[in-house]
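Bear in mind these aren't lab numbers, they're just calculated from the coordinates by the rules spelled out. The model shown is predicted, which means the values in this text are computed figures rather than measured ones. Heads up, the Cβs are rebuilt from the backbone with ideal geometry, glycines too, and the neighbour counts pull from every protein chain shown.
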Amino acid sequence: MSVNTETQNQNQVVSSVEKKQTTNGFVRWMRLLLKSKTGTFGLIIVLAVILVAIFAKYLAPYDPNMINPAAMLKPPFWLEGGSMEHILGTDNLGRDILSRIIYGSQVSLAVGLAAVALAGVIGVFVGLVAGYYGGFIDNVLMRLVDSFLAIPTILFALVILSIFGPSVTTLIVVLGITNWVQYARLVRGEVLSIKEREFVKAAKSIGVRDNKIILKHLLPNVISPFIVISTLSVATTIILEASLSFLGLGIQPPTISWGGILSDGRDYIATSWWLATFPGLAITITVLAIIFLGDWLRDVLDPRSAK
Amino acid sequence: MVQKLEQVETQTKKEEYLLEVKGLKKYFDVTEGLFKKERQYLRAVDNIDFFVRQGETLGIVGESGCGKSTTGNLIMQLLDKTEGEIIFEGVDLSKLKGEALRKKRAEIQMIFQDPFSSLNPRMRVFDIIAEPLKTHGVAKGKELENQVYELMDVVGLDRSYARRYPHEFSGGQRQRIGIARAIALKPKLIICDEPVSALDVSIQSQILNLMSKLQKEFQLTYIFIAHGLPAVKHISDRVAVMYLGKIVEITTKEKLFDQPLHPYTEGLLAAVPIPDPTLRDQKHRIIIEGDMPSPANPPSGCRFHTRCPYAQDKCRSEEPSLIEEKPDHFVACHFPLEKGHGVLIEK
């Protein structure tokens with residue numbers, strides 16, 4: 001065989017192909033992004049919310065906690081009595097709603113993302129181990145999952161928060177611990193079906209170590225349902241945080257979260273609807289955008305969808 | 001002369017086999033319910049013996065559920081045996097554990113049936129072929145790259161495919177990727193579990209030719225599992241016929257195709273379609289009717305007696321053992337055929 005002469009020729013071909021492929025990764029993402037309108041929408045909104053959270057200090061027109069008795073319960077600018085001074089109006093203490101929403105994004109996003117990340121790491125790990133090893137380990141871990149499922153999330157959160165006192169960190173930990181079970185179950189189920197596929201058998205017959213099989217063969221194949229569920233879960237966590245704040249056990253003033261603003265506004269919903277509506281809208285739009293983004297990410301992460 | 005297999009073994013002990021399987025059993029526990037006293041077992045592989053010589057191809061043939069794939073998985077140590085020995089170059093593989101087994105795996109590789117599920121959809125072709133080399137620390141960096149590209153040349157894959165994902169390929173090309181992965185570590189034995197049955201007929205011969213070529217080039221030994229005789233005729237030196245977890249006949253390809261001794265083999269041969277009607281031997285054609293009984297509850301005596309056109313009383317009560325009926329021609333039948341045409345040997 002004239003492999004050697006061919007080798008050099010083909011090496012050149014290959015290196016040029018490789019260059020094309022490395023740029024291709026980014027190009028492929030962008031192409032997929034532009035192809036999906038909802039994905040584009042999701043990404044833009046999520047990026048916008050993240051930027052708003054980071055640059056809250058510069059974007060907010062007022063100090064969010066500044067009480068102004070002269071401008072109490074001002075409606076948004078397009079209504080009678082409203083003005084461009086307070087675009088989205090003010091609350092019962094005369095605080096600027098827009099500024100409060102801008103600052104509130106920090107806590108809401110941080111809690112949502114961090115709690116899901118924590119839950120995801122625990123859940124995926126438990127799911128992979130339980131699904132791959134099966135037998136006794138699986139039984140023990142899944143009974144643990146069952147017992148966690150038997151505890152009502154809100155009740156558990158209320159108990160823990162009232163023991164340790166509500167703070168951003170406790171909130172993240174509590175939400176993380178109550179949420180990991182769903183990932184564990186999801187991932188375990190996926191692993192059970194994937195580990196029967198022949199490529200896992202092939203890896204075993206090659207002599208690939210268990211940890212590598214889990215990381216290189218199982219994890220990449222369970223990641224896309226995980227991403228979809230976890231983005232959905234960022235959304236529900238934001239809502240859960242809002243509910244806890246609404247119940248008074250979430251973020252405590254003067255720290256601002258969207259749920260907190262919503263909760264403050266509920267007494268005035270009949271007369272001054274803007275107090276509760278705008279933080280509610282902020283939650284809805286952000287949650288929706290995250291879900292769209294999750295859908296798009298699933299497509300990008302699956303090489304089969306790249307056409 | 002009729003000799004017991006064990007006696008033959010002692011006589012030919014001088015010959016070194018690459019792989020020797022002795023009394024191999026695999027029972028799956030299929031007991032239903034928690035409190036049943038009697039456990040039920042599915043006897044997927046029930047006491048089989050065979051050997052594979054260095055450099056040859058042993059075909060294993062049988063219907064679905066006869067235990068041929070289980071045998072392959074047992075040799076690969078993907079399943080734990082219930083009983084028996086799997087001796088590879090003098091070492092019982094089933095006794096190896098942990099790191100020792102992991103190292104040994106480099107010497108036995110497998111080509112899988114379904115090229116659509118045997119390649120990780122998340123890995124690029126390069127990484128799939130490189131995985132065995134990395135796992136056993138054979139090569140790194142530039143050297144690894146060269147070896148992978150060489151393997152791609154050997155199996156007839158264009159080097160520019162290295163960065164692609166498996167879903168971009170046809171079944172035949174995927175099987176080439178699987179073959180490249182299997183030969184990467186230069187194994188001594190490759191177990192091919194129906195490697196062409198999922199492919200188009202036109203592609204099948206290409207893959208079989210590639211496998212024959214590789215066998216010569218790398219002095220490979222194959223165990224070739226298939227569910228029909230035509231598939232193994234092309235590539236095998238010897239053929240074992242399995243039925244319900246037992247080997248019923250094992251001999252050279254020529255003897256098996258010209259003069260099968262077991263009625264089941266005769267039936268399998270008769271089931272092979274012959275394109276030319278004038279060549280068909282209607283008079284002596286035996287047709288095996290019915291389905292294979294459940295391996296969870298196999299028939300008494302000879303397991304084939306429920307479907308055997310020549311079954312006698314003895315077949316129903318007494319289980320035949322695998323004996324060397326003719327030189328290098330083992331059969332498990334009380335009344336082996338003569339000339340493969342339904343004429344019973346007088347005993």
Which distance in nm do the two modelled labels at residue A:31 and residue B:104 give, with both placed 7 Å along the Cα-to-Cβ direction?
4.9
Entries of B:142/B:233; B:22/B:140; B:81/B:233; A:201/B:37; B:97/B:213 with Cα pairs more than 32 Å apart
B:142/B:233; B:22/B:140; A:201/B:37; B:97/B:213
Please report, to two decimal places, log10 I(q)/I(0) for the protein assembly as shown at q = 0.11 Å⁻¹ as given by the Debye formula with identical point scatterers on the Cα atoms and no solvent.
-1.10
What is the distance in Å between the Cα centroid of region A:164-224 and that of region B:289-327?
48
Cut-off 16 Å, label point 7 angstrom out along Cα-to-Cβ of residue A:110: give me the residues of region A:32-64 whose amide nitrogen falls inside.
A:50-58, A:64
Residue among B:56, B:194, B:217 with the largest mean-square fluctuation in a Gaussian network model of chain B, springs linking Cα atoms under 10 Å
B:217
Give, rounded to the nearest 20 debye, the magnitude of the charge dipole that the protein assembly as shown has about its Cα centre when Lys and Arg contribute +1 at Cβ and Asp and Glu contribute -1 at Cβ.
820
Sequence gap at least 6, Cα distance under 8 Å: using those rules, report the relative contact order of chain A to the nearest whole percent.
22
Of A:106, A:252, A:182, which has the largest mean-square fluctuation in a 10 Å C-alpha GNM of chain A?
A:252
Cut-off of 10 Å, at most 10 other beta carbons, DSSP loop: longest stretch of chain A lacking such GluC sites (Glu not before Pro)
A:81-195
Just need the relative contact order of chain B here, percent rounded to a whole number, with Cα pairs under 8 Å and 6+ apart.
20
Excluding residues fewer than 8 places away in the same chain, name every one of the aspartates and glutamates whose C-alpha is closer than 16 Å to that of residue A:74.
A:85, A:91, A:96, A:264, A:267
What FRET efficiency, computed as 1/(1 + (r/R0)^6) with R0 = 56 Å and r the Cβ-Cβ distance, is obtained for residue B:294 and residue A:93, rounded to the nearest 0.05?
0.10
Could you list B:234, A:86 in order of exposure, starting from the residue whose Cβ has the fewest other Cβ atoms within 10 Å?
B:234, A:86
tail above 19 Å in the computed P(r) of region B:27-90, as % of all Cα-Cα pairs, reads 42
Give me the distance between the Cα centres of region B:144-222 and region A:131-160, rounded to whole Å.
45
One finds, for residue A:210 and residue B:30 with R0 = 22 angstrom and r their Cβ-Cβ distance, a FRET efficiency to the nearest 0.05 of 0.20
Can you tell me, using C-alpha contacts under 8 Å and at least 6 residues apart, the relative contact order of region B:123-185 as a whole percent?
50
If you place +1 on the Cβ of every Lys and Arg and -1 on the Cβ of every Asp and Glu, how big does the dipole about the Cα centre of region A:159-307 come out, in debye to the nearest 20?
840
